[in-house]
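Note sheet for the following structure.
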Number of protein chains: 2
Amino acid sequence: LPSEFELIRRYFQRPTPSAVLGIGDDAALLRPAAGMELAVSTDMLVEGRHFRAGADPEALGHKALAVNLSDLAAMGATPRWATLALALPAANEHWMAAFARGLLALAQRFGTELVGGDTTRGPLCISITVVGELPAGQGLLRSGARPGDDVWVSGELGGAAIGLAEPGLAAAAARLDRPEPRVALGEKLRGVASAAIDVSDGFAQDLGHILEASGVGAIVRYESLPKFPHADTKLQRRCVLSGGDDYELAFTAPQAKRDAVAAIGAGLKLPLARVGSIGKGNPDLAVLGANGKRLKVERGFDHFAA
Amino acid sequence: LPSEFELIRRYFQRPTPSAVLGIGDDAALLRPAAGMELAVSTDMLVEGRHFRAGADPEALGHKALAVNLSDLAAMGATPRWATLALALPAANEHWMAAFARGLLALAQRFGTELVGGDTTRGPLCISITVVGELPAGQGLLRSGARPGDDVWVSGELGGAAIGLAEPGLAAAAARLDRPEPRVALGEKLRGVASAAIDVSDGFAQDLGHILEASGVGAIVRYESLPKFPHADTKLQRRCVLSGGDDYELAFTAPQAKRDAVAAIGAGLKLPLARVGSIGKGNPDLAVLGANGKRLKVERGFDHFAA
């Protein structure tokens, strides 16, 4: 049987020209560009909680990196490097090869080099840390939303949660299994958006984090929200407002930036919907229905909730 | 019950003056000093594999960070920042508070700020990524050992493995549960050592990594190795040569640096033993007994071995 070291070499070790030193020593060595800040984010995915037992390893490799790249996108950072910590029940070479394929394909598409990691035996658990760069002071913080700003959302909401509810719907399942991190959007929103977050725990909860960090409220028109299509409008509403895993960006921008935002969406061929506005006062999110009445919004995802 | 976000705030969120932005946004923002390289390392610890079920959470918090700081030490880097990904079977506040106490106490001692992370429910699994700094080009690579160099080891070997074999021995158990990362030694070895590694998988295997990366062989005198004391010399030998988890540094340095190495050890009040020398040829490690004959050395730890 090949050793841990041999498996890492075979499946995960690729040239890392943008690192001083990649996989294979005690630590990777990186040389950030002058004048840049680093954005660092970590996520952990656990079998049975974030993905089904027996999930396709190639899709899993994609998703494990995608959720991290999405965090960088929400900060407006350009992905550069990643490390991977992986606990596996057994040294299953087929699984590892497919997982690495999914991960490295996405990494290559976004110019991200896998520079280090750790593998061990244990219940299937994946933790990735990504490092991105951005010009100093230009990070898209959650705390920058101001009264009068517009609220925007990219793409469509609810698809991933619908995919979880109805695995037979291929388009929805693809949203769940192969999310597309909005990296280019995040980069272009530097200097344009006032605050941003990625929709990982549900739109209402994630926008709520912006409101809390900024000390502002928001009114959102449910009709304006971009929705993954579904005939069951009750299920759809739940998934659009409180479903997780979409990895779209929710962001705010001054009204003066409406044309700039529209131009970014057109340039990226990515729909960007203006869905509401920021107001003064408590960090409260009011989602209004077509009749102007406030909709009841479920609480989003808490990783320790029952 | 407090939410995931509240628990993180309460137990893990501390001021991070050396970061532009710490815990609480999509990513941490870091501003490396000009002219410095970053060293990045990741480890994953799984219950039942790297520590016993029911292990003291405070000691675990210490160890989870210590093993990562040890990787930075082996690279000669100065620790700066860390992220934590944590899967826990339940939101046990007592456990989390103790774990955070152990981790943050060590972090503070080594000037390391916890700037981000992720918590989720799952089988107990801890993954930490550390980021350190060092002057560009001064990293202590595994690949720098040259024929004629001396082989050195810090502290004592075998204590952690003896602690695993005989948990009743308090001094050995402390080596296992509360390893001390040799950070100051690593920093001082910049410009002095030619190669370095930390002893995590066993001295023979870890020195073997240096030999392989450098394309050299080594002869080590077993008598010269600094040993955790134990009456059972057979057990002791196994633990000294092949036991893991000591987190001492094994390093090589030119003979011309003997005085410099001795001065570093004296300055740190840390015993540094000269245990052998690097030779030409295959990456082969010969450990010689008192009679000059070669000892049989067990293979070290492979995280996927049965």
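Residue-by-condition table, conditions (1) within 8 Å of chain B (Cβ to nearest Cβ); (2) of a type in the set (Ser, Thr, Tyr); (3) closer than 17 Å to A:Ala173 by Cβ:
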| residue | (1), (2), (3) |
| --- | --- |
| A:Arg49 | yes, no, no |
| A:Arg52 | no, no, yes |
| A:Leu60 | no, no, yes |
| A:Gly76 | no, no, no |
| A:Pro79 | no, no, no |
| A:Thr83 | yes, yes, no |
| A:Pro89 | no, no, no |
Let me spell it out: the conditions are (1) touching a His at 6+ places or on another chain (Cβ under 9 Å); (2) surrounded by fewer than 21 Cβ atoms within 10 Å (Cβ to Cβ); (3) more than 14 Å from chain A (Cβ to nearest Cβ); (4) over 19 Å from B:Leu249 (Cα atoms), and B:Arg178 meets all of them except one. Which number is the exception?
(4)
Among (1) more than 10 Å from chain B (Cβ to nearest Cβ); (2) buried (at least 24 other Cβ atoms within 10 Å of the Cβ); (3) touching an Asp or Glu at 6+ places or on another chain (Cβ under 8 Å), there is one condition A:Asp56 misses while meeting the rest; what is its number?
(2)
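Is at least one residue of the range B:70-91 farther than 23 Å from B:Leu185 by Cβ and either of a type in the set (Asp, Glu) or part of a helix (DSSP H, G or I) (or both)?
Here is the first cut: in the range B:70-91, the residues farther than 23 Å from B:Leu185 by Cβ are B:83-91.
Adding the requirement that they be either of a type in the set (Asp, Glu) or part of a helix (DSSP H, G or I) (or both) leaves none.
Looking through the range B:70-91, none of the residues is farther than 23 Å from B:Leu185 by Cβ and either of a type in the set (Asp, Glu) or part of a helix (DSSP H, G or I) (or both).
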Exactly one condition in (1) of a type in the set (A, V, I, L, M); (2) farther than 30 Å from B:Leu141 by Cβ; (3) open to solvent by 10 Å² or more (accessible area, probe 1.4 Å) is not met by A:Ala74; state its number.
(3)
Filter the range B:25-47 for residues that are at pLDDT below 90 and more than 7 Å from chain A (Cβ to nearest Cβ); the one that is nearest to A:Gly137 (Cα to Cα) is B:Ala33
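Report whether or not A:Ser127 is facing chain B (nearest Cβ under 10 Å) and in a helix (DSSP H, G or I). First the steps, then the outcome.
Details: facing chain B (nearest Cβ under 10 Å): yes; in a helix (DSSP H, G or I): no.
Here the answer is no, as A:Ser127 does not meet what is asked.
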Go through B:Leu176, B:Leu235, B:Leu207 for me and flag whichever is touching a residue at least 60 places away in the same chain (Cβ under 8 Å), at negative phi and in contact with a helix residue (DSSP H, G or I) (Cβ under 6 Å, 6 or more places away or on another chain).
B:Leu176
Output yes when any residue across the range A:12-24 is outside any strand (DSSP E or B), in contact with a Lys or Arg (Cβ under 6 Å, 6 or more places away or on another chain), under 28 Å from B:Leu21 (Cβ atoms) and facing chain B (nearest Cβ under 9 Å), and no when none is.
yes
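Residues checked against (1) open to solvent by less than 20 Å² (accessible area, probe 1.4 Å); (2) outside any helix (DSSP H, G or I):
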residue	(1), (2)
A:Arg49	no, yes
A:His94	no, no
A:Gly102	yes, no
A:Gly117	no, yes
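Quick check on this structure: which one of B:Arg109, B:Arg121, B:Arg190 is open to solvent by 50 Å² or more (accessible area, probe 1.4 Å), within 20 Å of B:Ser18 (Cα to Cα) and more than 14 Å from the chain's Cα centre (by Cα)?
So the residue among B:Arg109, B:Arg121, B:Arg190 that is open to solvent by 50 Å² or more (accessible area, probe 1.4 Å), within 20 Å of B:Ser18 (Cα to Cα) and more than 14 Å from the chain's Cα centre (by Cα) is B:Arg109.
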Residue list for the range A:251-292, restricted to those being modelled with pLDDT of 95 or more, basic (Lys, Arg) and either open to solvent by less than 70 Å² (accessible area, probe 1.4 Å) or over 21 Å from the mean Cα position of the chain (by Cα) (or both)
A:Lys257, A:Arg258
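The values are calculated or read from the model by the stated rules, or taken from the named source; none is laboratory data. The model shown is predicted, which means the values in this text are computed figures rather than measured ones. For neighbour counting, all protein chains shown are included, and Cβ atoms are generated from backbone atoms with ideal geometry for every residue, glycine included. Protein only, heavy atoms only, side chains kept; ligands, DNA and RNA dropped before computing areas. Shrake-Rupley method; radii C 1.70, N 1.55, O 1.52, S 1.80 Å.
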